1. If G241 meets every condition in (1) part of a helix (DSSP H, G or I); (2) in contact (Cβ under 8 Å) with a residue 24 or more places away in the chain; (3) of a type in the set (G, A, S) apart from one, which number is that one?
2. Within the set of pairs 6+ apart or on separate chains, which have a first residue in region 299-314 that is farther than 29 Å from K171 by Cβ, a second that is among the aromatic types (F, W, Y), and C-beta atoms under 8 Å apart?
3. Please work out which residue is nearest to P55 (Cα to Cα), limiting yourself to region 81-100 and to residues that are in contact with a strand residue (DSSP E or B) (Cβ under 6 Å, 6 or more places away or on another chain) and open to solvent by 10 Å² or more (accessible area, probe 1.4 Å).
4. Tell me, which residue of region 19-54 that is of a type in the set (S, T, N, Q) and assigned to a loop (DSSP other than H, G, I, E, B) is farthest from the chain's Cα centre (by Cα)?
5. Can you tell which of N205, N215, N258 is over 26 Å from N174 (Cα atoms), open to solvent by 60 Å² or more (accessible area, probe 1.4 Å) and modelled with pLDDT of 95 or more?
6. For Q191, state whether it is open to solvent by 10 Å² or more (accessible area, probe 1.4 Å), under 19 Å from V247 (Cβ atoms) and polar (S, T, N, Q).
7. Just a yes or no: is a residue in region 267-274 of a type in the set (S, T, Y) and more than 16 Å from the chain's Cα centre (by Cα)?
8. How many of the residues in region 102-130 are of a type in the set (K, R) and touching a Pro at 6+ places or on another chain (Cβ under 9 Å)?
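The values are calculated or read from the model by the stated rules, or taken from the named source; none is laboratory data. Small disclaimer: the values here were computed from a predicted structure and weren't measured. Every residue, glycine among them, receives a Cβ derived from its backbone with ideal geometry; neighbour counts consider all protein chains shown. Ligands, DNA and RNA are excluded from the accessible area calculation, which covers all protein heavy atoms including side chains. Shrake-Rupley method; radii C 1.70, N 1.55, O 1.52, S 1.80 Å.
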Amino acid sequence: MRAWLMDDYEDVENLRLGEVPDPQPGPAQVVMRVKFAALNPADAFLARKMYPANPSLPHILGRDGVGEVEAVGPGVENVHVGETVGILRCEVGVEQWGTLAEKVVVPAKSVTRTPTGWSDEEMAGAPLVFLTAWQALTQWADPPAPPSAKSVLLVTGASGGVGVASVLLGKSMNLTVVALSRSAKKRAKLQKLGADFVFDPMDGNLVKSVTAALNPRMVDLAVDNVGGALLPQVVALLGYGGRISVVGRSGGMVPKFNTATLFFHRNRIGGVSVGDYTAPEAHEAWEQIVGRLDAMGQRPQVDTIVPFEEVKTGFDRLAKGPMGKVLVQVAD
């Protein structure tokens, strides 16, 4: 089969299109013929050795995808040859070969059928970002649960995959959603998706502008995909007991951070790791996600679809900031 091979940890620019033997399913595994794969920032981080995984080389990136089950291994009873399935969070694309290939081996417990009414494209890029957003939104309760209705949610990097998922899920939870994006066009799109307020994070008066719009409320929960110099401003917008779920760091390292800014409002910052989900937990969360999107009449957003031969172009688009997901069409 053809596959995009990662021979080193020097970045996605060094990926090469080559051929490797077709995979065979082991016990409790299925082989999926990939139709669409999706690109995620974590793929690029792994290719630069900036991710806590150390797969043997050559490696194949790609954590999301949809396709047809071609073969099943011993002991597989709930998945059948010929079914179209997608992949929920597992080691595919992390420690195991991923979806930037014509075929991929997936644990049978980590595949799920495409929801009724969804296209293959919508399914291909949804699981990782929506599961991540779900964890970011629900992790502050024990057991995990959505924030209280009418709480204020701030989403940085709101036009990216996790950002769009956070906006949509936030609205499904009856939250007041504040979305940040540098692009006026994307801010308009975020409003159409339900964001109550949209702002340019480069606004020199960002804290004052958001505070005035929310007055007398402040932010209860922030989903931060950016980090960098924006993080102190996010902290400044938090109300008493406000929390930040840290998902990404597209803005780089935080240059200056005064921990005293957390003191008197008893603010908290916590990381998100969707890899902590067990397969049953991922399925349970996914059912909640699909149900909420269906109830709203919303679907995952696709920005761009590139041909299999142009994976590097897809990563370029991802680095520039898409409105939703970047997909790779592996097969017709």
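1. It fails just one condition, (1).
2. V311/W4
3. C90
4. Top of the filtered list is Q24.
5. Sole residue among the options that is over 26 Å from N174 (Cα atoms), open to solvent by 60 Å² or more (accessible area, probe 1.4 Å) and modelled with pLDDT of 95 or more: N205.
6. Details: open to solvent by 10 Å² or more (accessible area, probe 1.4 Å): yes; under 19 Å from V247 (Cβ atoms): no; polar (S, T, N, Q): yes.
Spelling it out, it is not the case that Q191 is open to solvent by 10 Å² or more (accessible area, probe 1.4 Å), under 19 Å from V247 (Cβ atoms) and polar (S, T, N, Q).
7. Here is the first cut: in region 267-274, the ones of a type in the set (S, T, Y) are 273.
Then keep just the ones that are more than 16 Å from the chain's Cα centre (by Cα); that gives none.
No, region 267-274 has no match at all.
8. 2
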